[in-house]
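Every number in this text was worked out from the coordinates using simple rules, so none of it is lab data. The shown structure was predicted, so the numbers you read here are calculated from the model rather than taken from an experiment. Using ideal geometry, Cβ is built from the backbone for each residue, glycine included, and neighbour counts are taken over all protein chains shown.
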């Protein structure tokens, strides 16, 4: 079992409840190398999805909307799953991450079945995947951000950033709120729905490209699973449409090794404060 699978494991506790533990190995590390304490939101989403899919009538989380209410500590917690609808083609559940009897994350998940990507005769169209330089020309995030190397989230993922969007690591932000890069776990593990939940929130916040480097907490995030990913490294591209009043939006796309769009997301977050 990989560290990611251990960190997102759930244990049924009866009546739609599951015991979990937010894992410090996926905590966010600040610019000075200290652990902020907040576990990466994608890992928390993957944990909740494991609880939902344990009793789901369909295998894939086609739409997930999450509100991050409080910062969970790396201590025991529970996920409460309540099914709102169970239909033949789609089913919807409410899932709440609870710690010390207080909700810290609220999610609505609609499950369904994603059919074959090709050859089924259905209408099919998609745009072009993002262009990225060869992976050997991209910057290994953990190696570049020396204070975070081998600590927390950066120690668990292999994130290779496009040099065009990683100037902020060298003190020369590009001046545009965009991020692009290759993504996979450091451990050998093929991508699936749980890893896509991590991938949509894996890039550094796009406002880093404007020089606003600091913890930028997500308030709400919605993501869609569009296809079952092929084995291999994922490509992730994110951009922002508007920044003002201490808030910014972020849109992300995840493409698999076969060049297919496998996930999309949109979130609203606070501009980071402090380096």
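Observations on the structure shown:
- Projecting label points 7 angstrom from Cα along Cα→Cβ for residue 124 and residue 11 puts them 4.3 nm apart.
- A Förster radius of 35 Å combined with the Cβ-Cβ distance from residue 155 to residue 102 puts the calculated FRET efficiency at roughly 0.75.
- Over the chain, relative contact order from alpha-carbon pairs under 8 Å, at least 6 apart, %: 18 percent
- In the stretch 195-275, the ratio of gyration radius to Kirkwood radius, Rg to Rh, stands at 1.01 when only Cα atoms are counted.
- Compared with the alpha-carbon gap, the fully stretched path from residue 131 to residue 3 is longer by 43.1 nm at 0.36 nm per residue.
- Cα-based shape type of the stretch 162-208, given that a ≥ b ≥ c are square roots of the gyration tensor eigenvalues and the cut on a/c is 1.5: prolate
- Summed over all non-identical Cα pairs, the Kirkwood treatment of the chain gives a radius of 18.9 Å.
- Here r is the Cβ-Cβ distance between residue 243 and residue 222 and R0 is 22 Å; the resulting FRET efficiency, rounded to 0.05, is 0.70.
- Taking 265, 124, 65 and counting other C-beta atoms within 10 Å, the order from fewest to most: 124, 65, 265
- Taking label points 7 Å from Cα along the Cα-to-Cβ direction, residue 113 and residue 85 give a separation of 1.9 nm.
- Length-normalised contact order for the stretch 163-260 - Cα pairs under 8 Å, 6+ apart - percent: 32 percent
- Footprinting exposure proxy for 224, 182 (fewest neighbouring C-beta atoms within 10 Å first): 224, 182
- Figure legend: label point modelled 7 angstrom from the Cα of residue 190 along Cα→Cβ; no residues of the stretch 47-77 have amide N under 12 Å from it.
- Extended-chain gain in nm, criterion 0.36 nm per residue less alpha-carbon gap, residue 230 and residue 19: 72.9 nm
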